[in-house]
1. Accessible area, 1.4 Å probe, largest first: how do 44, 88, 6 sort?
2. So, how do all the Cα-to-Cα distances of the chain break down into 10 Å bins, in percent, from 0 on up?
3. For the residue pair residue 13 and residue 74, what label-to-label distance in nm results when each label sits 7 Å from Cα along the Cα-to-beta-carbon direction?
4. Would you mind pulling out the separation of the Cα centroids of region 91-121 and region 14-64, in Å?
5. Given labels modelled 7 Å from the Cα in the Cβ direction, how far is it in nm from residue 27 to residue 108?
6. If you count the DSSP beta bridges with both ends in the chain, what percent of them are antiparallel, to the nearest 5?
7. Not counting the cut sites, what is the longest span of the chain without trypsin sites (Lys or Arg not before Pro) that DSSP labels loop and that have at most 11 other Cβ atoms within 10 Å?
Amino acid sequence: QVQLVESGGGSVQPGGSLRLSCAASGTILSIHGMGWSRRAPGKERELVAYITLGGKIDYADFVEGRFTISRDFAKNTVTLNMNRLKPEDTAVYYCNADIAGGSYGYRNDYWGQGTQVTVSS
């Protein structure tokens, strides 16, 4: 009923850049927030960045000004621009969204399948 599809992962050298995009589709009444989390090998999933409908943005401390999240809720999309990537940024990145939709219009958290980001020389 509601699906999130990520794109833009890949491999890059340290110091490089990548852009991740996520598009929500299906029966969507309203989007209250969208963001990105990641899971590195052997570690728990952690928040990277999140943006609300009202425009409030949260970044994890490790972002250190290197990443920028932006949204276009009219198009049901969120983008994460990542610069100055480090090897420790290697992880599977997941899009998540707080969406009211589906058959009954309930508000739920949705997750994408994930996209691999590898930072290595």
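1. Largest accessible area first, the residues go 44, 88, 6.
2. It works out to 14, 47, 29, 9, 1, in whole percents.
3. Each label point is offset 7 Å from its Cα along the Cβ direction, giving 4.0 nm.
4. 8
5. My value for the distance between the label points is 1.1 nm.
6. Details: 46 of 49 bridges.
So the antiparallel bridges in the chain amount to around 95 percent.
7. Numbers: sites that count: 43, 56, 75.
The reported range is 76-121.
The values are calculated or read from the model by the stated rules, or taken from the named source; none is laboratory data. Not measured: the values here are computed from a predicted model. Cβ: placed from backbone, ideal geometry, glycine included. Neighbour counts: every protein chain shown. Heavy atoms of the whole protein, side chains included, go into the accessibility calculation; ligands, DNA and RNA do not. Shrake-Rupley method; radii C 1.70, N 1.55, O 1.52, S 1.80 Å.
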